[in-house]
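Visitor: This is the structure I have questions about; it appears just below.
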Amino acid sequence: MRSEFQEHSESLFLSSSYIFESAESIARQAANSEKGFYYSRFSNPTVSMFQERLASLEGAQACIATASGMSAILTLLLSTLKTGDHVIASQSLFGSTIQMLSAFLPRVGVETTFVPLTDVSAWQQAIQGNTKLLFLETPSNPLMEIGDIQAIANVAHEKGVLLVVDNTFCSPAIQNPIRLGADVVIHSATKLIDGQGRVLGGAILGRDKFIKETIFPFVRLTGPTLSAFNAWVLLKGLETLQIRLNRQSESALELARWLETIPEVDRVFYPGLPSHPQHLLAGEQQRSGGSVVSFQVRGHTPEAQRNTAWSIMDRARLFSRTANLGDVKSTILHPASTIHSRITPNERALAGITEGLVRLSIGLEDPIDLKSDLLRGLNG
Ligand SMILES: *Cc1c(COP(=O)(O)O)cnc(C)c1O
């Protein structure tokens, strides 16, 4: 979408509203607000450019961008569910998504059954008469389990309900859930799509009719809108997404293979490794393993494991100790004491989150430097 000046880089339209030639033309626009530009709570040229480009990368008919990944999820849930409805969700979801489903939705009378991501029959068995929506993320965070999108889409479609896939961990550069049968895709654009840790953003993608008739009226009314500035930053992110992720996946695979040779490392979780239990399935639905690698260090007691994990984190100079991921700067995190610290030790054990688990998100640094950064703590 170019202005009369034929700019090469997309313009940033910082305007909250748009002017009209006549009373009649503004009346026409007000009556048909899903087309054209009227007010930036629900229509802005820069946001539209981001939505169109992301939709075309995902192979989706339509997209609505939101202020964050969580606002995309909230918008999706509140616009599709009502009191008395039931949701089936993977046990291995982003922590805030789990809380939204388990703590917030019951307040509006929606119940959720959590099932193991990889057990298709558990999804099938959890179906009830009032089930409206199935929700998963693949690969899961931080253990990188793979959900079979096609098989779970079949479970959803036999029952005539929606399969929603949060594609944040892969981005459209390496996985397109809609092509595998998902009805709706969610993104936290904050992660790989920005890729440089600058802004928050989110998106909901799906069929034209669904986006226009179910999502758009809710967004127009409630305003979980992406800002034009953030949309502009994210548009720039999309231009380099594929090339960043190609390189990040290559480096992540190299680090994963190397970690498997380190005596202090008990286990490495990365879908690109032949030792990954769902390596073949990952190869069918993803074009590469992605940027996240987790590993578990040895130790006779949970305390000993935690000491080693923390020592790797504390001695790192190149890896940033931060919760963000998908960034061109590598990051390191101890899931048991951060993103999974609010659940009980028993729940953590069931989820496979041990004290020795370390999550890495691999950026664009030289893998040689990343290895020596990890060795500082592994040898200490
Ligand atoms: C970060 C994240 C979210 C939430 O996105 P925000 O942009 O932080 O609101 C949702 N899902 C996944 C998988 C994430 O990693």
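The values are calculated or read from the model by the stated rules, or taken from the named source; none is laboratory data. This structure is a prediction, so every number in the text was calculated from the model and none was measured. Glycine also receives a Cβ, built like all others from the backbone with ideal geometry; neighbour counts cover every protein chain displayed. What goes into the accessible areas is simple: the full protein's heavy atoms, side chains included, and nothing from ligands, DNA or RNA. Shrake-Rupley method; radii C 1.70, N 1.55, O 1.52, S 1.80 Å.
Visitor: Of the conditions (1) closer than 16 Å to ILE186 by Cβ; (2) within 19 Å of the chain's Cα centre (by Cα), SER79 clears all except one; give me its number.
Guide: (2)
Visitor: Please tell me if LEU57 is within 16 Å of the ligand (Cβ to nearest atom) and open to solvent by 50 Å² or more (accessible area, probe 1.4 Å). I'd like the intermediate steps shown before the answer.
Guide: Numbers: within 16 Å of the ligand (Cβ to nearest atom): no; open to solvent by 50 Å² or more (accessible area, probe 1.4 Å): yes.
Spelling it out, it is not the case that LEU57 is within 16 Å of the ligand (Cβ to nearest atom) and open to solvent by 50 Å² or more (accessible area, probe 1.4 Å).
Visitor: On the given criteria, is ARG267 farther than 22 Å from SER171 by Cβ, charged (D, E, K, R) and away from the ligand (no atom under 15 Å from the Cβ)?
Guide: Answer is yes for this residue.
Visitor: Let me ask something else about it. Pairs, please: C-beta under 6 Å, at least 6 apart or cross-chain, first residue more than 16 Å from TRP123 (Cβ to Cβ) and polar (S, T, N, Q) and in the range 161-179, second open to solvent by 10 Å² or more (accessible area, probe 1.4 Å) and within 13 Å of the ligand (Cβ to nearest atom)?
Guide: THR168/SER188; THR168/LYS191
Visitor: Determine whether the range 104-111 contains at least one residue that is over 20 Å from the mean Cα position of the chain (by Cα) and at positive phi.
Guide: Yes - at least one qualifying residue is present in the range 104-111.
Visitor: Going through the range 72-105 one residue at a time, which ones are closer than 22 Å to ARG220 by Cα, open to solvent by less than 50 Å² (accessible area, probe 1.4 Å) and more than 11 Å from the ligand (Cβ to nearest atom)?
Guide: Selection gives THR75, LEU76, LEU77, SER79, THR80, LEU81, LEU105.
Visitor: Out of all the residues in the range 60-71, which are assigned to a loop (DSSP other than H, G, I, E, B) and either within 16 Å of the ligand (Cβ to nearest atom) or surrounded by fewer than 21 Cβ atoms within 10 Å (Cβ to Cβ) (or both)?
Guide: Result: GLN61, ALA67, SER68.
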